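Read through the structure below, which is laid out as structure tokens, and then see the notes.
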Amino acid sequence: MGCERAVTAPDEVAPARRAALGLGMASLAATRAEARVSAGYIVLLGDSVFDNAAFVDEGREVVAQLRGALSTSGWRAMLAARGGAMVEDVSRQLARLPGDATHLIVSVGGNDALRAEAMLAEPARSVAEALARLDILRERFRRTYRTMLDAVCAHGLPVAVCTIYDPRFPDAARQRLAVAGLTLFNDAILREAFARDLAVIDLRLICSDPADFANAIEPSALGGAKIAAEIVAMVTAGPVAQRGFRVFAGRQRRP
């Protein structure tokens, strides 16, 4: 008997070839996308959590430590954040965004919370009345934060947002009030991040030691180093982590 060669009909070959071609093109696109971010440009937006040069020795501020940690990888970092900034101020910071930016990290909201501190101290006739006031405060902040985040995300780049860490007020009563009040603001931040499938850097767990603070509300050199390390972990975690929701909370330093 002679050897018979199996013949595949043309309409069976075409789908298989198209599928293989599609997988090949997808793989090539993924490789190119990964190459584009292999040496990226991080822009820090927000307030003095990032712009803490006034509170630490020269060269120990967050952006300097971030640049140092990235120095051998080809990555760059730019500080657009400004001390004292409110959520609404981020739109002006975006005007300075370099054309080759690849990642945007936002840490803002602490100054908005400080402005609302007086409201938290106001007396109320009932728990229900107090909760109603707090809900108004939360929703007002959430609308403002949502508008800001829409503007940040409109640039089409990977975005991460930071929660607001707990302060270190020496007065115990003020500290308890601040920590409780900040849950409202952090709830708004997390909801908006979840809705957009953004990465979250949870500063509450990263800056959790008194030594992480230069004063009651600003990160020290040690705290800045922890923040910088978490940003590095985020941007180097791989393409999938860069594009989807994930919480970064200092786990790479835990035993």
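The values are calculated or read from the model by the stated rules, or taken from the named source; none is laboratory data. Predicted model only: the values in this text are computed from it and were never measured. Neighbour counts run over all protein chains shown; Cβ positions are idealised from the backbone, glycine included. Heads up: the accessible areas ignore ligands, DNA and RNA and are worked out on the full protein's heavy atoms, side chains in. Shrake-Rupley method; radii C 1.70, N 1.55, O 1.52, S 1.80 Å.
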*When I201 is evaluated against the numbered criteria (1) under 19 Å from S48 (Cβ atoms); (2) of a type in the set (A, V, I, L, M); (3) surrounded by fewer than 21 Cβ atoms within 10 Å (Cβ to Cβ), which criterion, by number, is the only one it fails?*
(3)
*Give me a count of the residues in the stretch 107-141 that are open to solvent by 40 Å² or more (accessible area, probe 1.4 Å), at pLDDT 75 or above and either among the β-branched types (V, I, T) or in contact with an Asp or Glu (Cβ under 7 Å, 6 or more places away or on another chain) (or both).*
2
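Please pick out the residue among L104, L70, L23 that is within 20 Å of the chain's Cα centre (by Cα) and at pLDDT below 95.
Working: L104 fails: at pLDDT below 95; L23 fails: within 20 Å of the chain's Cα centre (by Cα).
None of the other options fit; the residue is L70.
Report whether or not A154 is open to solvent by 10 Å² or more (accessible area, probe 1.4 Å), within 19 Å of L79 (Cβ to Cβ) and among the hydrophobic types (A, V, I, L, M, F, W, C). Break it down into steps so the answer makes sense when it comes.
Working: open to solvent by 10 Å² or more (accessible area, probe 1.4 Å): yes; within 19 Å of L79 (Cβ to Cβ): no; among the hydrophobic types (A, V, I, L, M, F, W, C): yes.
So A154 does not fit the description; no.
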*Would you please name the residue that is least open to solvent (accessible area, probe 1.4 Å), looking only at residues in the stretch 209-218 that are in contact with a helix residue (DSSP H, G or I) (Cβ under 9 Å, 6 or more places away or on another chain) and farther than 16 Å from L114 by Cα?*
D212
_Among the residues of the stretch 162-193, what is the count of those that are open to solvent by 60 Å² or more (accessible area, probe 1.4 Å) and either among the basic types (K, R) or under 23 Å from A81 (Cβ atoms) (or both)?_
4
*asked:* I need every pair where a residue in the stretch 225-239 that is under 17 Å from M78 (Cα atoms) and at pLDDT 90 or above has its Cβ under 7 Å from the Cβ of a residue that is of a type in the set (S, T, N, Q) and open to solvent by 20 Å² or more (accessible area, probe 1.4 Å), sequence separation at least 6 or different chains.
replied: A225/Q65; A228/Q65
*Do the conditions hold for L104, that is, is it more than 19 Å from N215 (Cβ to Cβ) and in a strand (DSSP E or B)?*
yes
*asked:* When the residues of the stretch 194-215 are narrowed to those that are modelled with pLDDT under 95 and of a type in the set (G, A, S), which ends up farthest from the chain's Cα centre (by Cα)?
replied: S208
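Would you check which residues across the stretch 47-84 are surrounded by fewer than 16 Cβ atoms within 10 Å (Cβ to Cβ), among the hydrophobic types (A, V, I, L, M, F, W, C) and without any contact (Cβ under 8 Å) to a residue 24 or more places away in the chain and list them? Steps first, answer last, please.
Here is the first cut: in the stretch 47-84, the residues surrounded by fewer than 16 Cβ atoms within 10 Å (Cβ to Cβ) are 54, 57-59, 68, 71-74, 84.
Adding the requirement that they be among the hydrophobic types (A, V, I, L, M, F, W, C) leaves 54.
Residues satisfying the conditions do not exist here.
Determine, yes or no, whether A160 is part of a strand (DSSP E or B), modelled with pLDDT of 90 or more, small (G, A, S) and within 19 Å of S91 (Cβ to Cβ). Spell out how you get there, then give the answer.
Details: part of a strand (DSSP E or B): yes; modelled with pLDDT of 90 or more: yes; small (G, A, S): yes; within 19 Å of S91 (Cβ to Cβ): yes.
Yes; evaluated as a whole, the condition is true for this residue.
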*Evaluation of G99 against (1) surrounded by 21 or more Cβ atoms within 10 Å (Cβ to Cβ); (2) without any contact (Cβ under 8 Å) to a residue 60 or more places away in the chain (one fails), failing number*: (1)
